[in-house]
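A short worksheet on the structure shown next.
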């Protein structure tokens with residue numbers, strides 16, 4: 001008696017889910033002109049997601065740099081910079097930072 005091989009069904013390939021794009025932010029120490037050449041990703045290599053805890057960590061990093069004297073912010077603009085990072089668009093805080101910059105990157 002011959003044994004018949006059973007049919008093997010191949011599973012249909014799964015469709016890849018479309019990647020969702022969200023914003024993430026990076027803080028850079030830089031020169032006064034905020035030139036791209038002065039922003040060193042090897043030195044400033046943290047990425048902050050668009051989450052409340054991440055925004056708080058971003059502000060803590062900026063505050064640390066201000067306290068160390070590496071970044072300057074006029075006292076009159078300090079609260080506006082903080083609000084931009086914690087509540088608004090963090091890149092808007094860059095206008096208040098001397099020797100510091102916040103850039104937005106796409107995160108998938």
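Values quoted throughout were computed directly from the atomic coordinates according to the rules given, and no laboratory measurement underlies them. Bear in mind that the values here come from a model prediction, so they are computed numbers and not experimental data. Cβ atoms come from the backbone with ideal geometry, glycine included; neighbour counts cover every protein chain shown.
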Problem set entry | residue 32 vs. criteria out of contact with any helix residue (DSSP H, G or I) (no Cβ under 6 Å at 6 or more places or on another chain), surrounded by fewer than 16 Cβ atoms within 10 Å (Cβ to Cβ) and free of Cβ contacts under 8 Å to residues at least 60 places away in the same chain | no
Exercise. Which members of the stretch 35-59 meet the condition of being surrounded by 10 or more Cβ atoms within 10 Å (Cβ to Cβ) and part of a loop (DSSP other than H, G, I, E, B)?
Worked result: 35, 39, 40, 44, 46, 47, 50, 51
Seminar exercise, completed: Scanning the stretch 60-98 for residues that are part of a loop (DSSP other than H, G, I, E, B), out of contact with any helix residue (DSSP H, G or I) (no Cβ under 9 Å at 6 or more places or on another chain) and closer than 26 Å to residue 22 by Cα gives 88, 89
Exercise. Just to be sure, is residue 20 surrounded by 12 or more Cβ atoms within 10 Å (Cβ to Cβ), out of contact with any helix residue (DSSP H, G or I) (no Cβ under 9 Å at 6 or more places or on another chain) and in contact (Cβ under 8 Å) with a residue 12 or more places away in the chain?
Worked result: no
